[in-house]
1. Pick from E29, E80, E62: which is exposed (fewer than 14 other Cβ atoms within 10 Å of the Cβ), more than 24 Å from L164 (Cα to Cα), at pLDDT 85 or above and among the acidic types (D, E)?
2. Among the candidates F99, F106, F111, which residue alone is of a type outside the set (S, T, Y) and touching a residue at least 12 places away in the same chain (Cβ under 8 Å)?
3. Output the qualifying pairs, or none if there are none: Cβ atoms under 9 angstrom, residues six or more apart or on different chains, first residue in segment 125-144 and within 13 Å of L157 (Cβ to Cβ), second residue open to solvent by 90 Å² or more (accessible area, probe 1.4 Å) and of a type in the set (S, T, N, Q).
4. Could you name every one of the helices (runs of 4 or more DSSP H) located completely within segment 58-173 that has at least 3 residues being closer than 20 Å to R33 by Cα and of a type in the set (V, I, T)?
5. Which residue, of K103, K97, K159, is open to solvent by less than 50 Å² (accessible area, probe 1.4 Å) and under 30 Å from E62 (Cβ atoms)?
6. Look through segment 83-92, keep the residues that are out of contact with any Asp or Glu (no Cβ under 7 Å at 6 or more places or on another chain) and open to solvent by 70 Å² or more (accessible area, probe 1.4 Å), and return whichever of them is nearest to G108 (Cα to Cα).
7. Kindly evaluate K115 against the criterion of being open to solvent by 90 Å² or more (accessible area, probe 1.4 Å), touching a strand residue (DSSP E or B) at 6+ places or on another chain (Cβ under 9 Å) and at pLDDT below 95.
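The values are calculated or read from the model by the stated rules, or taken from the named source; none is laboratory data. No experiment lies behind these values; they were computed from the predicted model shown. All Cβ positions, glycine included, derive from the backbone under ideal geometry; neighbour counts span all protein chains shown. Note: areas computed on protein heavy atoms with side chains; ligands, DNA, RNA excluded. Shrake-Rupley method; radii C 1.70, N 1.55, O 1.52, S 1.80 Å.
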Amino acid sequence: MKKIILTGLFFLTLTASALAQKFAYIDSEYILRHVPEYASAQKQIDALSAQWQQEVDAKFAEVDRLFKAFQTEEVLLSNEARKKRQEEIIIKEKEAKDFQREKFGFEGELFQRRKTLLKTVQDKVAKAVEQVAQEGLYDIIFDKATDLIMLYSSPRLDKSNDVLNKLGLKPGVFAQ
């Protein structure tokens, strides 16, 4: 009996404390679409990515060219020349893969550049979210754009436009 009463009191306390908290949410994708610095950084990242992808494609095209040339000349080559050409192709292919991994791999140059370019924008947005939370006395602000599943959210709890106002930006006007 004591256990049931204590369990009931525990859930009553938990429910009461949950009701005392104020919640809100933002849509970080919506906010970032309005931030001109984000659009500029994204364009730089896209340009860099395209440039590096061309270099990767060129390196793999060179490997492909060497392999096709090897296939057509293979019967005419001595064993030593054949092995040398095969090694050359393997080395070129490894160089191409290493370059691709260096630029696009996990924690590669593209990842590092993205992190560097977007950090100032993300810090600015985070500070604005914090100000909105403090001014509105919100205990928790969720991000609708993340993997957090919101089955329903009241528009009155959406504080994305408040964050844009803190950033000095006008809602509804997208950065180009």
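1. Checking each option against the conditions leaves just E80.
2. Exactly one residue qualifies, and that residue is F99.
3. V132/N165
4. Correct list: 109-136.
5. K103
6. I91
7. No: the conditions fail for K115.
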